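**Q** There's a structure below that I have some questions on.
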Amino acid sequence: TPDASPSRSERARSDTDNNQFWLKVDSEWSPDLSSRSLAYATSFSARRRGAVADDDEIVGSVDDARALDAHGVKQDWKWDVSERQLLEWGFGAEQLEGRYAYASAVDLRGVLATLEAQPTRARAHALAPHGESYGVYVSDRVRLGDRAVADLGVRWDKQTYLPPGADEQFSPRGRF
């Protein structure tokens, strides 16, 4: 049976929200040309609290708050150039915003308080990364024969939330 005295207590709480909105439009411009367009918005949030009180060992607390908001658009195209060739291309753009807050506290008591280097800790952090992400691609699939297909393409991506030098990627693609 846990000790129910006021010197020992625990509390916790966690809240989470999740919201998403997607809009997709498939379009057939001709028998050989089609596109898919996407628009979306999503958000995630979490709040956390905590408290531990044990006068023999620890007095604690934690606070936590998180959030992520993202919205973007994407469009993909397909063109059946011929019975032997399929051309695909597209782009995407996304805006991201993340927030994070953290708090901590501890006050060691009792037996631990007799230690010479007994710490009293308190922390606080707040981060708010944000930025955009962009990408474009093109791919060409060609049937070379009854059993051979070449799929060649290239993709370029850029993120504004990464450090310079790591914020841009160029990816050639190929498969036979």
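The values are calculated or read from the model by the stated rules, or taken from the named source; none is laboratory data. These numbers come from a predicted model, not from an experiment. Positions of Cβ are generated from backbone atoms using ideal geometry, with glycine treated the same way; all protein chains shown enter the neighbour counts. Protein only, heavy atoms only, side chains kept; ligands, DNA and RNA dropped before computing areas. Shrake-Rupley method; radii C 1.70, N 1.55, O 1.52, S 1.80 Å.
**Q** Sort out which residues of region 48-62 are open to solvent by less than 80 Å² (accessible area, probe 1.4 Å) and either at pLDDT 90 or above or assigned to a strand (DSSP E or B) (or both), and write them in order of number.
**A** Gly50, Ala51, Val52, Ala53, Asp54, Ile58, Val59, Gly60, Ser61, Val62
**Q** Which condition number in (1) modelled with pLDDT of 95 or more; (2) not in a strand (DSSP E or B) is the one that Tyr40 fails?
**A** Just one mismatch for Tyr40, condition (2).
**Q** Does Arg66 qualify as being part of a strand (DSSP E or B), surrounded by fewer than 16 Cβ atoms within 10 Å (Cβ to Cβ) and of a type outside the set (Asp, Glu)?
**A** no
**Q** Does Ser34 satisfy the criteria of being polar (S, T, N, Q), within 24 Å of Asp151 (Cα to Cα), out of contact with any strand residue (DSSP E or B) (no Cβ under 6 Å at 6 or more places or on another chain) and at pLDDT 95 or above?
**A** No.
**Q** Another question about this same structure. Name the pairs whose Cβ atoms lie under 6 Å apart, with the first residue in region 28-46 and within 29 Å of Arg99 (Cα to Cα), the second of a type in the set (Lys, Arg), and 6 or more positions between them or separate chains?
**A** Here the result reads Leu38/Lys24; Leu38/Lys74; Ala46/Arg66, each pair linking region 28-46 to a residue that is of a type in the set (Lys, Arg).
**Q** On to the next question. Could you please give the count of residues in region 100-125 that are open to solvent by 70 Å² or more (accessible area, probe 1.4 Å), under 28 Å from the mean Cα position of the chain (by Cα) and either at pLDDT 75 or above or more than 30 Å from Asp167 (Cα to Cα) (or both)?
**A** 3
**Q** How many of the residues making up region 127-176 are under 13 Å from Trp89 (Cβ atoms) and either more than 29 Å from the chain's Cα centre (by Cα) or open to solvent by less than 100 Å² (accessible area, probe 1.4 Å) (or both)?
**A** The number of residues fulfilling the criteria is 12.
**Q** Of a type in the set (Gly, Ala, Ser) and modelled with pLDDT of 90 or more: which single residue out of Gly145, Gly174, Gly165, Gly135 fits that description?
**A** Gly135
**Q** Mind listing just one residue for me: the one in region 75-99 that is surrounded by 15 or more Cβ atoms within 10 Å (Cβ to Cβ) and of a type in the set (Lys, Arg) and, of those, modelled with the highest pLDDT?
**A** Among them, the one singled out is Lys78.
**Q** Restricting attention to region 10-25, report how many residues are without any contact (Cβ under 8 Å) to a residue 40 or more places away in the chain, of a type in the set (D, E, K, R) and surrounded by 10 or more Cβ atoms within 10 Å (Cβ to Cβ).
**A** 3
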